[in-house]
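> Supplied in structure tokens, the structure appears directly below.
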Amino acid sequence: MTEDGDSPAEPHDAKQAGGGSLYSEVLKAVVVKLRSEEYLFVVAIAVILLVGALGAGTGNVRFGVLTIAVGLLSVFVLVWQLVIRVRRDAVSTPKTLDLSLRTRRLWARMARQPTRVALGRFDEFTDFESGGLVGVGDALALREFSSFFTALQLPEFDVGDDEPRGNEFKANQITLGSADVNRLTEKLAERLHVTIHYDGPRHSRLDEWDDCLIVRAPNPWNKAAWVIIIAGSYGLGTLAGARFVMSDEFAAVVHRVHSDAFECRIEVEIINGSPLAPRVVALQKLR
């Protein structure tokens with residue numbers, strides 16, 4: 001099973017849709033946001049309409065017409081509920097990001113399980129802060145994930161350190177930071193047999209480059225959940241990786257690789273301390 005998408009990555013705090021018709025929003029709600037009981041309602045409506053058509057076709061015209069009328073009324077009620085929900089959400093939440101349906105479906109599928117974001121930390125400064133220090137790049141990535149989840153109306157995620165406990169292992173795991181600063185990244189990379197390595201940041205007189213390892217796979221402690229490793233060489237690489245996994249381009253990679261478990265490396269140019277759109281330089285399925 002794979003999902004797909006196909007447009008370049010951009011920072012998600014800045015990239016927001018400029019509107020869109022109510023009809024397109026209703027269509028997205030039908031495909032992505034129907035609740036489980038509403039799917040059953042759709043099936044029931046289809047059965048009612050089929051029974052009505054069969055009744056009319058076998059000569060019981062009155063029964064057929066009444067049954068079809070009930071089915072059409074049910075369709076109207078369902079559509080009206082969706083219209084009300086879309087209008088309410090448009091007022092109560094930020095405008096939805098301008099993302100493809102593939103990207104929305106990918107994250108909606110993942111959001112069926114609770115999500116936990118594991119922050120890396122620097123242990124070298126425990127005399128100053130006993131819990132360790134979080135890098136600026138990781139903090140910015142966390143903020144953009146929060147905006148992304150809110151805009152797509154996904155359930156809130158938990159934030160924790162790199163040492164989950166008990167049932168926390170069974171949640172979706174999004175790890176920020178390389179194995180040098182994030183023990184969970186290191187543990188998952190070993191469990192998933194990650195083989196792609198990166199070169200680290202490179203500097204020249206005119207520019208600066210960073211890279212980031214991205215891994216997506218089923219959670220080894222709960223196959224119904226997912227793992228996404230975002231391990232930049234430095235903090236800005238991690239920030240670029242976070243923006244990448246929230247983009248249509250990442251959904252396109254998921255579609256292109258035809259696997260639920262893969263690893264890739266992205267490279268990103270840094271201008272004035274800000275990462276530009278990354279490019280994929282290595283991609284392969286996990287063994």
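> Around Lys187, with a cut-off of 11 angstrom between Cβ atoms, what is the net charge of the other residues, counting Lys and Arg +1 and Asp and Glu -1?
Values: positive: Arg183, Arg191; negative: Asp162, Glu163, Glu186, Glu190.
So the surrounding residues net to -2.
> Say each of Val51 and Ala224 gets a label point 7 Å from the Cα, pointing the same way as Cα to Cβ; how far apart are those two points in nm?
3.2 nm
> Provide the gained length on full extension for the span Glu163 to Arg256, in nm with one decimal, where the gain is 0.36 nm per separating residue minus the Cα-Cα distance.
Values: separation 93, 0.36 × 93 = 33.48 nm, distance 3.26 nm.
Computed gain between Glu163 and Arg256 is 30.2 nm.
> Treat the count of other C-beta atoms within 10 Å as a stand-in for reagent exposure and order Phe41, Phe250, Phe128 from fewest to most. The partial results should precede the final answer.
Numbers: Phe41 17, Phe250 27, Phe128 8.
By the 10 Å Cβ count, ascending: Phe128, Phe41, Phe250.
> Taking the Cα centre of region 101-285 as the origin, how large is its charge dipole in debye, to the nearest 20, when only Lys and Arg (+1) and Asp and Glu (-1) carry charge on their Cβ atoms? Show your work: numbers first, answer last.
On the way: 22 positive and 26 negative charges, 233 e Å.
Its charge dipole is roughly 1120 debye.
> Which length gain, in nm to one decimal place, applies between Val136 and Val75 when the Cα-Cα distance is subtracted from 0.36 nm times their residue separation? Before the final figure, lay out each step's value.
On the way: separation 61, 0.36 × 61 = 21.96 nm, distance 5.00 nm.
Taking Val136 through Val75 to full extension adds about 17.0 nm, to one decimal.
> Let me ask another. For the residues Ile196, Ile271, Ile228, what sequence is obtained by ranking on other C-beta atoms within 10 Å, fewest first?
Details: Ile196 17, Ile271 10, Ile228 21.
Least crowded to most crowded, the residues run Ile271, Ile196, Ile228.
> Estimate the FRET efficiency between Ala44 and Asp98 by the formula 1/(1 + (r/R0)^6), using the beta-carbon distance for r and 30 Å for R0, to the nearest 0.05. Please list the in-between numbers first.
Values: r = 34 Å, r/R0 = 1.15.
Rounded to the nearest 0.05, the efficiency is 0.30.
> For Gly120, what residues show an amide H to amide H distance below 5 Å, using hydrogens built from the backbone and excluding near sequence neighbours?
Under 5 Å from the amide H of Gly120 lie the amide H atoms of Leu176, each far enough along the sequence or on another chain.
> If you don't mind, there's one more thing I want to ask. How would you order 109-117, 277-285 from highest to lowest mean count of nearby Cβ atoms within 10 Å? All intermediate terms of the calculation are to be shown ahead of the outcome.
On the way: 109-117: 17.1, 277-285: 15.6.
Final packing ranking: 109-117, 277-285.
> Oh, and also: Compute the Cα gyration tensor for region 206-285, then decide on rounded, prolate or oblate, letting a ≥ b ≥ c be the square roots of its eigenvalues: rounded whenever a/c is under 1.5, prolate when a/b is larger than b/c in the other cases, and oblate in all that remain. Before the final figure, lay out each step's value.
Values: a/c = 2.50, a/b = 1.91, b/c = 1.31.
Prolate shape, in that a/c is at least 1.5 and a/b is the bigger ratio.
> Sequence-distant or interchain residues sharing an amide H contact under 5 Å with Glu208, placed H: which?
HN-HN under 5 Å from Glu208: Ile270.
> Would you pull out the residues with amide H under 5 Å of Gln173's amide H, same chain only if 5 or more places away, H placed 1.01 Å from N?
When sequence neighbours closer than 5 places are left aside, the close amide H contacts are Arg116, Trp226, Val227, Ile228.
> Taking 0.36 nm per residue of sequence separation and subtracting the Cα-Cα distance, how much length would be gained by fully extending the chain between Arg191 and Val61, in nm to one decimal?
Details: separation 130, 0.36 × 130 = 46.80 nm, distance 6.43 nm.
Going from the current span to full extension adds 40.4 nm.
A short reminder: the numbers here are calculations on the coordinates, not readings from a lab. Note that the coordinates shown come from a computational prediction; the quantities given were computed from them, not determined experimentally. Reconstructed Cβ throughout: ideal geometry from the backbone, glycine too, with neighbour counts over all protein chains shown.
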